[in-house]
1. Hey, any hits in segment 145-168 for a residue that's open to solvent by 80 Å² or more (accessible area, probe 1.4 Å) and touching an Asp or Glu at 6+ places or on another chain (Cβ under 8 Å)?
2. Let me spell it out: the conditions are (1) under 25 Å from Glu167 (Cβ atoms); (2) assigned to a helix (DSSP H, G or I); (3) touching a residue at least 60 places away in the same chain (Cβ under 8 Å); (4) open to solvent by less than 10 Å² (accessible area, probe 1.4 Å), and Leu327 meets all of them except one. Which number is the exception?
3. Please go through segment 294-320 and pick out each residue that is hydrophobic (A, V, I, L, M, F, W, C) and open to solvent by 50 Å² or more (accessible area, probe 1.4 Å).
4. Can you pull out the residues in segment 131-148 that are of a type outside the set (Lys, Arg) and within 18 Å of Ile276 (Cα to Cα)?
5. Is there any pair with a first residue in segment 273-297 that is in the same structural domain as Lys343 (by the TED database) and over 12 Å from Gly162 (Cα atoms) and a second that is open to solvent by 10 Å² or more (accessible area, probe 1.4 Å) and of a type in the set (Lys, Arg) whose Cβ atoms are under 6 Å apart and which are 6 or more apart or on different chains, and what are they?
6. Is it true that some residue in segment 226-240 is closer than 28 Å to Arg337 by Cβ, under 25 Å from the mean Cα position of the chain (by Cα) and assigned by the TED database to the domain that holds Asp319?
Amino acid sequence: MRIILSGGGTGGHIYPAIAIAKELVKLAQPCDILFVGTRHGLEADIIPKEGFDLETIEVHGLERRFSWENVKTVWNTMGSLWDCRRIIGQFKPDAVIGTGGYVCGPIVLTAALMGIPTLIQEQNAIPGITNKLLALVVDKIALGYKEAIPFFSNQKKIVVTGNPIREEVLSVDRAQGVQALGLDAGRKTVLVAGGSRGARSINRAMKAVHQRFANRAGIQILHVTGQSEYNNMVSFYQESGIDVLGTGNIIITPYLYNMPDALAAADIGIFRAGAIGLAELTAKGVPAILVPYPYAAENHQEYNARVLEKEGAAIMITDAQLDGNLLADALEKLLCREETLEKMSLASRRLGRPGAAKAVAKLALALVHH
């Protein structure tokens, strides 16, 4: 079995592709995997580290307005179709899978035009423009949210699988996570993470949260600030007289490499609303306070967050509404209402799809054997 996967630009497109690839390797022996991406995206660093081969093409995303830069981008993309044809001709895949982002457009389109079985995986409740276009030519569409169904015209192609997540997220339990991070098993753990680059508005609001909960018994806060925001947060603590080490219940870090441990240890999450972050939270049944990134394409993060809020798994605060006291009050209410927290946890777990990567892999293999 030979499979091409493509999805790049952000971790939200790359990590689902890696999760699917690992399930394909388990299900189809032998299975050769080739990733197609760009040399500029995160995939150029991540994919080789995961042990997979990567071919690169020259393709860029479109600006959301008419510009000469867009004309040049379209021209370059047309040229990349020749590269895609060459890659497909040399690798001879049995199927091609795209996990979203402009990177996967040319390779999935080329494969579909060549009659090779194709599948796309859409993570968000509001589909991206690339997947909307590819949906017209691919054989199957795997969705992270059923709420995305109305955005596709041919619904016979659709299967709601949930969003693929890293296997290691599922394999760690709370006791292991607490021990790995040196946390106190007797305290409730609040995990704050705004994505790999951090979230400035969440970090600003967290200043009031830290002031309120510093030295508070029964709670510990693990705050991942992002690299660019870390020094600013450290300066704030110094100016406010908060001794982070002395409190014993506040941990700040610019980046967390062992996020699976943190998710396993978490009792409450304060997150943006990227699809993969939410998939990991729900797989672990973690109640959340969500602050959607307001500039996400088509405002898809707010739609993602509303799905969890509607099902009782999360509280949503818009970025425009967010301030420190509001966030601290929301957290206080959750910490004081054990029954509410338990109901939210159960609702979160009901939404979780821990088997999503395997479901997508099986869907792709079924196309090959059809």
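1. No; the residues of segment 145-168 include none that is open to solvent by 80 Å² or more (accessible area, probe 1.4 Å) and touching an Asp or Glu at 6+ places or on another chain (Cβ under 8 Å).
2. (1)
3. Selection gives Ile315, Ala320.
4. Asn131, Ile141, Ala142, Leu143, Gly144, Tyr145, Glu147, Ala148
5. Gly285/Arg349; Tyr293/Arg272
6. no
The values are calculated or read from the model by the stated rules, or taken from the named source; none is laboratory data. What you are looking at is a predicted structure, and each value in this text was computed from that prediction instead of being measured. Positions of Cβ are generated from backbone atoms using ideal geometry, with glycine treated the same way; all protein chains shown enter the neighbour counts. Note: areas computed on protein heavy atoms with side chains; ligands, DNA, RNA excluded. Shrake-Rupley method; radii C 1.70, N 1.55, O 1.52, S 1.80 Å.
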